[in-house]
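Below: one structure, written as C-alpha cells.
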Amino acid sequence: MTLPIFLLHNGSSALSSSAAPEKASRHLVYIKANSTSCLTVRSEKLRVKLLTHGQNRIEEMAAAEIPSVKLMDGTSIPVLGLGTWKSKPGEVKAAVEAAISAGYRHIDCSPVYENEAEVGDAIAAKIKDGTVTREKLYIVSKLWQTYHEPDDVEAGLKVTLKDLQVEYLDLYLMHFPIGFKQQSGHTSARDANNQIITTDRDYVDTWKAMEKLVEKKLVRSIGVSNFNEKQIDRILENCTIKPVTNQVECHPYFNQKSLSDHCANKGIILTAYSPFASPDRSWASPDEPKLLEDPALVAVAKKYNKTVANILLRYQVKKFNVKLNNII
C-alpha cells in the first residue's frame, strides 16, 4: 500500500503521486502548497466565487471546505496547506496574506528558507485584521542542522517562534537526520575547501531534545524530514513521542512506495515535497521529462478544462477519499 502526502511547494512545483491506489481509507494525507502558486491551484469555480461574492463569506466558505485529518497523537492537520520554500523576500508576505484570505490555514516554513520573519508579518497582519485567529492556523517549521546539539534545540526553535511572532508551533520537524557544526545561528561552519563541517551528534539525541519541546508546550507535534526507513526505525526504537510525519520528496516520477508503505505501517503520515518534481532544479539535464508537461496529464487536464496541477491534486484527493468539494 502506498501512502503519499502531497503538496504544492513552489511556483514551479506540484503534487505527489504514487503507484496504483489500493484501499487506504485509514491512511490520510494532506497537501502543502507554496505561496507563489496558492492562487493558481484552486479551482476556477472558487476563483469566480472570490470575484463575485463578499470576501468575508468566501474566507468562511474556503476554510470550512478544507477538511482536517487526525495524526497519531490526536492532533489534526488541514488537508490543504501552503509551503513557503523558494518564496522570495518582498513577495512572500503578500502571498501568505492572500493565501490565508483564500482559506489556507496550514502554513509550512523553515528558517533555512530565509523568509520566516516576513511570513510572521503576514500571519500577524491576518490575525490583527480579524481574518483568522491563531488557534485556527496550523503552523509548521523545522529544526535546522546547526541546532542538532541537544542544548541548542530549544534555542533554534525560539528563533523561529520570534520570527513567526507566535508562542508555539503546531508541528516541528527535524529537517535532516544529520547535524552541521554551527558557525553562527543557522550558518554552518566550513573547512578549508569550503565544505560544510558535519558533526557526530546522533539524531536520536536531537529527537529526545525535541520531545522536551512538546512537554514545554512550545510545539504541539513533532516529526522528521528526509529520513529513510532505518532512520525512522531508530527513532521509533528510542523515542517517548513518536514522529507524526516524515516529509520527503515524492511525486509520480519518484513515488517512494517502499518508504510510504513503511511509514504507513508505523502510523506515520508521509509528507511529499517537490510534488511537481522541481522542474526548476538546477541539476536537471535538458532531456529529462517534466511532470507538468507529461502528455498523459496534459491530455486529462485539457479534457476537464483544468491545469495539470489541478489534475494531480484531484487525483490524490480522490484516491484517498478526502473530499475538497470544488476547491481544486
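The values are calculated or read from the model by the stated rules, or taken from the named source; none is laboratory data. All of these numbers come straight from a predicted model, not from anything done at the bench. In this analysis, Cβ positions are derived from the backbone assuming ideal geometry, glycine residues included, and neighbour counts consider all displayed protein chains. Ligands, DNA and RNA are excluded from the accessible area calculation, which covers all protein heavy atoms including side chains. Shrake-Rupley method; radii C 1.70, N 1.55, O 1.52, S 1.80 Å.
Given the condition surrounded by fewer than 17 Cβ atoms within 10 Å (Cβ to Cβ) and in a strand (DSSP E or B), answer yes or no: does some residue in segment 152-164 qualify?
Within segment 152-164, none of the residues are surrounded by fewer than 17 Cβ atoms within 10 Å (Cβ to Cβ) and in a strand (DSSP E or B).
Go through (1) without any contact (Cβ under 8 Å) to a residue 40 or more places away in the chain; (2) of a type in the set (D, E, K, R); (3) at positive phi for Asp191 and report which single condition fails.
(3)
With the checklist (1) open to solvent by less than 50 Å² (accessible area, probe 1.4 Å); (2) within 25 Å of Val119 (Cβ to Cβ); (3) not charged (D, E, K, R) in hand, flag the one item Gln183 doesn't pass.
Of the numbered conditions (1) open to solvent by less than 50 Å² (accessible area, probe 1.4 Å); (2) within 25 Å of Val119 (Cβ to Cβ); (3) not charged (D, E, K, R), the odd one out for Gln183 is (1).
Write out, first by first residue and then by second, each pair whose Cβ atoms fall under 7 Å of each other, whose residues are 6+ apart or on separate chains, and whose first residue, in segment 64-88, is farther than 17 Å from Arg105 by Cα while the second is of a type in the set (Val, Ile, Thr) and open to solvent by 40 Å² or more (accessible area, probe 1.4 Å).
Ser87/Thr36
Give me a count of the residues in segment 261-307 that are in a helix (DSSP H, G or I) and within 28 Å of Lys142 (Cβ to Cβ). Can you show your working first?
Kept after step one, since they are in a helix (DSSP H, G or I), are these residues of segment 261-307: 261-265, 291-293, 295-304.
If we keep only those that are within 28 Å of Lys142 (Cβ to Cβ) too, we end up with 261-265, 291-292.
The qualifying residues number 7.
Does Leu173 qualify as being touching a strand residue (DSSP E or B) at 6+ places or on another chain (Cβ under 8 Å), closer than 26 Å to Asp280 by Cβ and touching a residue at least 40 places away in the same chain (Cβ under 8 Å)? Walk me through how you get there before you give the answer.
Numbers: touching a strand residue (DSSP E or B) at 6+ places or on another chain (Cβ under 8 Å): yes; closer than 26 Å to Asp280 by Cβ: yes; touching a residue at least 40 places away in the same chain (Cβ under 8 Å): yes.
Against the criterion (touching a strand residue (DSSP E or B) at 6+ places or on another chain (Cβ under 8 Å), closer than 26 Å to Asp280 by Cβ and touching a residue at least 40 places away in the same chain (Cβ under 8 Å)), Leu173 qualifies.
From the residues in segment 90-104 that are under 14 Å from Gly130 (Cα atoms) and not aliphatic (A, V, I, L, M), which one is modelled with the lowest pLDDT?
It comes out as Gly103.
Specify which of the listed residues (Lys242, Lys217) is among the charged types (D, E, K, R), within 20 Å of the chain's Cα centre (by Cα) and part of a loop (DSSP other than H, G, I, E, B). Write out each step before concluding.
Working: Lys217 fails: within 20 Å of the chain's Cα centre (by Cα).
Answer to the check: Lys242.
Looking only at segment 186-213, which residues are within 19 Å of Pro150 (Cβ to Cβ), part of a loop (DSSP other than H, G, I, E, B) and open to solvent by 70 Å² or more (accessible area, probe 1.4 Å)?
First, pick out the residues of segment 186-213 that are within 19 Å of Pro150 (Cβ to Cβ): 186, 188-189, 197-213.
Okay, now just the ones that are also part of a loop (DSSP other than H, G, I, E, B), so 186, 189, 197, 199-202.
Passing the criteria: Asp200, Arg201.
Given the conditions (1) touching a Pro at 6+ places or on another chain (Cβ under 7 Å); (2) at pLDDT 80 or above; (3) farther than 22 Å from Asp170 by Cβ, report the number of the one that Lys319 does not fulfil.
Every condition holds for Lys319 apart from (2).
Report yes if some residue within segment 111-122 is of a type in the set (Gly, Ala, Ser), assigned to a loop (DSSP other than H, G, I, E, B) and under 19 Å from the mean Cα position of the chain (by Cα); otherwise report no. Steps first, please.
First, pick out the residues of segment 111-122 that are of a type in the set (Gly, Ala, Ser): 117, 120, 122.
Next, from what is left, pick out any that are assigned to a loop (DSSP other than H, G, I, E, B): none.
Looking for residues that are of a type in the set (Gly, Ala, Ser), assigned to a loop (DSSP other than H, G, I, E, B) and under 19 Å from the mean Cα position of the chain (by Cα), one finds none in segment 111-122, hence no.
Would you be able to tell me the number of residues in segment 260-287 that are modelled with pLDDT of 90 or more, of a type in the set (D, E, K, R) and open to solvent by less than 70 Å² (accessible area, probe 1.4 Å)?
Residues meeting the conditions: 1.
So, in segment 123-143, how many residues would count as being in a helix (DSSP H, G or I) and surrounded by fewer than 17 Cβ atoms within 10 Å (Cβ to Cβ)? Talk me through it step by step, then tell me what you get.
Filtering segment 123-143 down to residues in a helix (DSSP H, G or I) leaves 123-128, 134-136.
From what's left, surrounded by fewer than 17 Cβ atoms within 10 Å (Cβ to Cβ): 124-125, 128, 134-136.
Counting residues in segment 123-143 that are in a helix (DSSP H, G or I) and surrounded by fewer than 17 Cβ atoms within 10 Å (Cβ to Cβ) gives 6.
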